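Student: Sending over a structure as structure tokens; questions will come in a sec.
Bear in mind that the values in this text are calculations on the coordinates, not laboratory data. All values reported here derive from a predicted model rather than from experimental measurement. Note: ideal-geometry Cβ built from the backbone for every residue, glycine included; neighbour counts use all protein chains shown.
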Amino acid sequence: MGKRLKRVSATLLVSLLISVFVSVPVFAEGDKAVKISEKQDINLSNYVETAKVNGDAELIVVKASSHVFFDGYKDYGHQAVTYYPNARNNDGALDLGEGTEVVFGEKFYVIHEEDNEMPRYSNALPEGFSGEYFLAGGNYAILEQPGFYEVIYATAPAAASESFLVQVIKGDEPAEVEDDAEEAAVEEQTSAETQDKPELQPASAVPTASKVLVNGKEVSFEAYTINGNNFFKLRDLAQAVSGSEKQFQVGWDAENNAISLESDKAYTSVGGELAVSADLASQTAVPTGSVILLDEAKLELTAYNINGNNYFKLRDIAKTFNIGVTWDDKTNTVGIDTAIDYIEE
């Protein structure tokens, strides 16, 4: 049971780090997310690089604010993140010092009660509870403060805890503005944009149950509903309309962390487009931190990353490329039609 699992010692941590990173990290196009391994399916956003500490142990370096998502497993035996504000890395020799536990942004327990055959989810254990419980997949913590963190988990209730280290560094500082008047204008504009477009927060993503027709033909998408809107995988949409008068190309600039869109160009497949998982389930979507360019001009679109893929609001992409979108409430059907113009709701 979750509450009986013990924290891994700092000495054991080094050997665990070597064993945890048995798989090559999988990088998400767009927001530089990194998956710790295919088995654990724990994801970190804002990935920068992997460094070495204490010999051959690996340290994941990310930019603030990074999110760590405990995805994949339905039930975890243990989940915790510890921040070490006084940790020091002296030429690869890492001394953690004393740590404090990070409060999760979302942490749900899967509780099994004797008088109820079905488990229930709760964000806290009942007072005096002594039964069986697990930690839910989809829980997440936000790594906001620069410094060193330890992510601790167990992939099953009876499994020993494993862990890995993360270093959070500050994000890129804004460019200096020499002229005071120009600086004031930039600050005013930035303030106005912030008020009009509040910063996205991680959100719950529920698989979309609607049927989708592309130019009259049914096409299966791995799509999600987030905050009442349909979000589709960007490359799936590009693949679906490729060859039509509304086709567009998708590119990725890793050096500048930028997604590039080019209108009226045939899409180049990278493999895996329009593939649908057999066991779709609700996920936690993290905001995509990449720059989005349309024909080399910056574009403001709402985008999330789910399991290493970028998802965009269907109507945003449709409006960008003037693709018609229809909705049939009686048949629960979304229509994507490249022969008609986009009409604002």
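Student: Quick check on the stretch 236-284: take the gyration tensor over C-alpha atoms, sort the square-rooted eigenvalues as a ≥ b ≥ c, and tell me if it's rounded (a/c under 1.5), prolate or oblate. Before the final figure, lay out each step's value.
Tutor: Numbers: a/c = 2.50, a/b = 1.31, b/c = 1.91.
Oblate is the answer for the stretch 236-284, as a/c is 1.5 or above yet b/c matches or exceeds a/b.
Student: Where does the stretch 302-345 land on Rg(C-alpha)/(2.2 N^0.38 Å)?
Tutor: Numbers: Rg = 12.0 Å, N = 44, 2.2 N^0.38 = 9.3 Å.
Dividing the Cα Rg of the stretch 302-345 by 2.2 N^0.38 Å gives 1.30.
Student: Grab the other residues whose beta carbon is less than 11 angstrom from that of Leu94, score K and R as +1, D and E as -1, and report the net. Show your work: numbers first, answer last.
Tutor: On the way: positive: Lys52, Arg88; negative: Asp91, Asp95, Glu150.
In short, -1.
Student: Provide the net charge surrounding Ser204, with neighbours chosen by a C-beta distance below 15 Å and charges set as Lys +1, Arg +1, Asp -1, Glu -1. Spell out each step's value before the answer.
Tutor: Details: positive: Lys107; negative: Asp71, Glu106.
Surrounding charge for Ser204 is -1.
Student: With the Cα gyration tensor of the stretch 270-345 giving a ≥ b ≥ c as the square roots of its eigenvalues, does the rule (a/c under 1.5 for rounded; else a/b larger than b/c for prolate; else oblate) give rounded, prolate or oblate?
Tutor: Details: a/c = 1.81, a/b = 1.07, b/c = 1.69.
The shape class here is oblate.
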